[in-house]
Amino acid sequence: MPDTAMLQRLRETLGEAGVLTDPERLAPYLVDHRDLVRGKAPAVLRPSSVAQVQAIMRLAAEYRVGIVPQAGNTSYCAGATPDASGGQFVLSLERLDKVRAVDPLDAAISVDSGVILQRAQEAAAAAGLYLPLSLGSEGSCRIGGVIGTNAGGLSVLRYGMTRDLVLGLEVVLADGTLVSDMKKLRKNNTGYDIRQNFIGAEGTLGVVTGAVLKLIPVPHRRATAWVELTAGAPLPEMLALVRRESSDLVSSFEFITARSLALVSGADGRLKSGSGGVILVELSSSSQHLPIEELLEGVMGEVVEAGWAEDVIIAQTEAQRADMWRIRETIPEGEKHFGGSVKHDISVPLGRTVDFLAAGGAAVAAYDPALELSVYGHVGDGNLHYNVLVPPGEDRLAFTDRIGRELAPALYDIAIGMGGTFSAEHGVGRLKRGLLQHYADPGRYRVLRGIKGLFDPHGVMNPGAMVDPAEGLIAD
Ligand code: 2HG
Ligand code: ZN
C-alpha cells in the first residue's frame, strides 16, 4: 500500500483538486468502459501542468508505486484500469486540456494530451484545416489515449493510424525526466525516432503530456455509397477496383453484416443489407473542382456490372450520408443494448478477409451453431470486429470468460495463420497481455521487454498492461 507520507506530498504538490480520494468520485476511474475489469486505487491524481506530472513521477519512483495513466478511459482492453491491490494510483490527464496552437501554414496542431479528440477536430476546423482521426468515441476519448493506443478508426485507409499523424511528442518518463520533442517537422533525420516508442505503448513507458498532430486540407466534398453486397462478393477485389478507379480518393471502406445492421434501431428503412452484407464506401476530396459524386457513380456502376452488388444507394443529401454513418458508428452501442458481445479485433492481410470470414464462421459453427455473430469493421484495412453476441439469459462475464478460453484461441489461430493479428486497433492493455506473450515472435517479445526495462526499470509505469514487469529482461 502507498505510504501516507506519499499521499501527503502529492496533496502538497497537486493541491486538493488534484488528489481525489472520495470513493464516489473515484468510482468511474476504476472500471473500464466495457465494465470487464474493476480495480482499486488510493487516489486519482489530476495534474494541471506538465511540471506536476513530473513531480508525480518523481514521487512514484521514490516510493516505487505504480502509476496508471488514464485519458478518456475508453480502452477496449482495460489499458487504463488499476489492479485490485489498491496500491496503484490513477493519473488522469483530464486537466491537461489546452489546445496549445494551430498552425495553418505548417498544417499542424499542438495539444495537451488531455484534450478531447472532438475538441482538437473543432480547433483544426476553426483554422480551416482537418484532423483526419475519426473514431466512434471521439466525443469522449482524449489525445493521450489515442496516442497511447495508436488508435485507428474510420479513415485509416486514407490517412493512416495515429502513429502516422504524430509529428511531435512530449513525454514525462518514469523518473520524471521531460522529453520534449514538440517539433512540427516533416523531416528530421537526427537519430532514433524515440516518439514511436511511446505511440501505442499504452502508458507503459512514460506519460504523454503533449503532441503535435498533422492536419490536412478539409475534405469538403464527400460522396458516400451504401453497397448491398451479393453473397460471396470478393471484397479485396472490390476495394482494389474502387481505389484504382477513384484515383485513390477512398477514405472509408467499411463492412457491415446483416446481423450487425439489425442491432441498430431507427435506421432509414431503405438502407438494408444485401445477402452478402453491406459496404459503406466514401470518397473525399478537398477540391471544389473534382466531381467526386460522378466519379463514385461511375465506380459503383462497375461494381454492379461485376455482379458484386444487389443494389447501391448513393447519398443524395448530407442528412442521408449522416444516417449511413450513424448506422455504422452505433453498432457497438447496438451490441451493448442487445446484452453485450465478446470482441475480437482481428486483422488479416487485405487479400484474406473473405477467407477469414469463411474460416471464422466455420470455427464458430463447429463450437456452437447457436451462437450469433456481429461482424463489421474496417475491411479496407483488413480489420474486422468479429464479435460474438452474448446469448440472451447468459451471464455476460461468465460467457466472455468461456468464449475467451474455448473459442477465441481458434479464431486467433486462424487470423495469425493467415499472417494476421489478434489486435488490429484496440491494443493489448490488461485483457490481451497473455495473447501478446503467446503469439508474439519470441525475438520481438524479448525486445519489447527490453524496451520496457530501459524506460521503466522499476516497473512503475502502468504495471499489468501489455508486457510483463521488467524482470529478467534482455539478459535472460
Ligand atoms: C468500431 O470500429 C470500434 O466501431 C469498436 O473499433 C469495435 O466494438 C467494437 O468491437
Ligand atoms: Zn474499429
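The values are calculated or read from the model by the stated rules, or taken from the named source; none is laboratory data. Here the structure is a predicted model, which means the values were calculated and not measured. Positions of Cβ are generated from backbone atoms using ideal geometry, with glycine treated the same way; all protein chains shown enter the neighbour counts. Heads up: the accessible areas ignore ligands, DNA and RNA and are worked out on the full protein's heavy atoms, side chains in. Shrake-Rupley method; radii C 1.70, N 1.55, O 1.52, S 1.80 Å.
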*So, of the residues in the range 407-441 that are within 16 Å of ligand 1 (Cβ to nearest atom) and among the β-branched types (Val, Ile, Thr), which turns out to be surrounded by the most Cβ atoms within 10 Å (Cβ to Cβ)?*
VAL428
*Restricting the search to the range 78-100, which residues are on the phi > 0 side of the Ramachandran plot and open to solvent by 10 Å² or more (accessible area, probe 1.4 Å)?*
none
*Identify, please: which residue in the range 327-350 is closer than 17 Å to GLU425 by Cα and part of a loop (DSSP other than H, G, I, E, B) and is, among those, nearest to ligand 1 (Cβ to nearest atom)?*
LYS343
*asked:* Please pick out the residue among ALA55, ALA51, ALA80, ALA41 that is assigned to a loop (DSSP other than H, G, I, E, B), closer than 28 Å to LYS183 by Cα and of a type in the set (Gly, Ala, Ser).
replied: ALA80
_Number of the condition not met by VAL208 [criteria: (1) within 30 Å of TYR130 (Cα to Cα); (2) open to solvent by less than 30 Å² (accessible area, probe 1.4 Å); (3) out of contact with any strand residue (DSSP E or B) (no Cβ under 8 Å at 6 or more places or on another chain)]_ = (3)
_Would you confirm whether or not the range 190-203 contains a residue that is under 30 Å from VAL299 (Cα atoms), of a type in the set (Lys, Arg), touching a strand residue (DSSP E or B) at 6+ places or on another chain (Cβ under 8 Å) and not in a loop (DSSP other than H, G, I, E, B)?_
no
*strands (runs of 3 or more DSSP E) contained in the range 231-318 and holding at least 3 residues open to solvent by less than 20 Å² (accessible area, probe 1.4 Å) and touching a Leu at 6+ places or on another chain (Cβ under 7 Å)*: 250-256, 278-285
*Regarding ALA223, is this residue in contact with a Leu (Cβ under 6 Å, 6 or more places away or on another chain), under 30 Å from GLY453 (Cβ atoms) and touching a residue at least 60 places away in the same chain (Cβ under 8 Å)?*
no
*For residues in the range 390-406 being open to solvent by 10 Å² or more (accessible area, probe 1.4 Å) and in contact with a Gly (Cβ under 7 Å, 6 or more places away or on another chain), which is farthest from ligand 1 (Cβ to nearest atom)?*
PRO392
_Residue that is farthest from the chain's Cα centre (by Cα) [pool: residues in the range 440-457 that are within 13 Å of LEU173 (Cβ to Cβ) and outside any helix (DSSP H, G or I)]_ = PRO457
*Do we find a residue being under 24 Å from ILE56 (Cβ atoms), open to solvent by 10 Å² or more (accessible area, probe 1.4 Å), outside any helix (DSSP H, G or I) and within 15 Å of ligand 2 (Cβ to nearest atom) anywhere in the range 134-142?*
no
*Those residues that are surrounded by fewer than 19 Cβ atoms within 10 Å (Cβ to Cβ), among the small types (Gly, Ala, Ser) and over 30 Å from THR400 (Cα atoms), I need them from the range 1-54; list them, please.*
ALA5, GLY15, ALA17, SER48, SER49, ALA51
_Tell me the residue from THR162, THR149 that is among the hydroxyl-bearing types (Ser, Thr, Tyr), open to solvent by less than 20 Å² (accessible area, probe 1.4 Å) and within 16 Å of ligand 2 (Cβ to nearest atom), please._
THR162
*Could you give me the residue pairs with C-beta distances under 6 Å whose first residue belongs to the range 141-166 and is within 14 Å of HIS426 (Cα to Cα), whose second residue is of a type in the set (Gly, Ala, Ser) and within 12 Å of ligand 2 (Cβ to nearest atom) wherever it lies, and which are 6+ apart or on separate chains?*
THR149/GLY427; GLY153/SER134; LEU154/SER134; LEU154/SER252; MET161/GLY152; THR162/ALA151
_Total residues in the range 390-426, condition within 16 Å of ligand 2 (Cβ to nearest atom) and either part of a loop (DSSP other than H, G, I, E, B) or more than 27 Å from ASN150 (Cα to Cα) (or both)_ = 6
_Qualifying residues in the range 369-389 (those that are in a loop (DSSP other than H, G, I, E, B) and over 15 Å from ALA262 (Cα atoms)) - the one nearest to ligand 1 (Cβ to nearest atom)_ = HIS378
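Take the residues in the range 58-77 that are hydrophobic (A, V, I, L, M, F, W, C) and not in a helix (DSSP H, G or I); name whichever of them is surrounded by the fewest Cβ atoms within 10 Å (Cβ to Cβ). Reasoning before the result, please.
First, the residues of the range 58-77 that are hydrophobic (A, V, I, L, M, F, W, C): 59-61, 65, 67-68, 71, 77.
With the extra rule that they be not in a helix (DSSP H, G or I), the set shrinks to 65, 67-68, 71, 77.
Values: VAL65: 21, ILE67: 24, VAL68: 30, ALA71: 30, CYS77: 26.
Checked the range 58-77; the qualifying residue surrounded by the fewest Cβ atoms within 10 Å (Cβ to Cβ) is VAL65.
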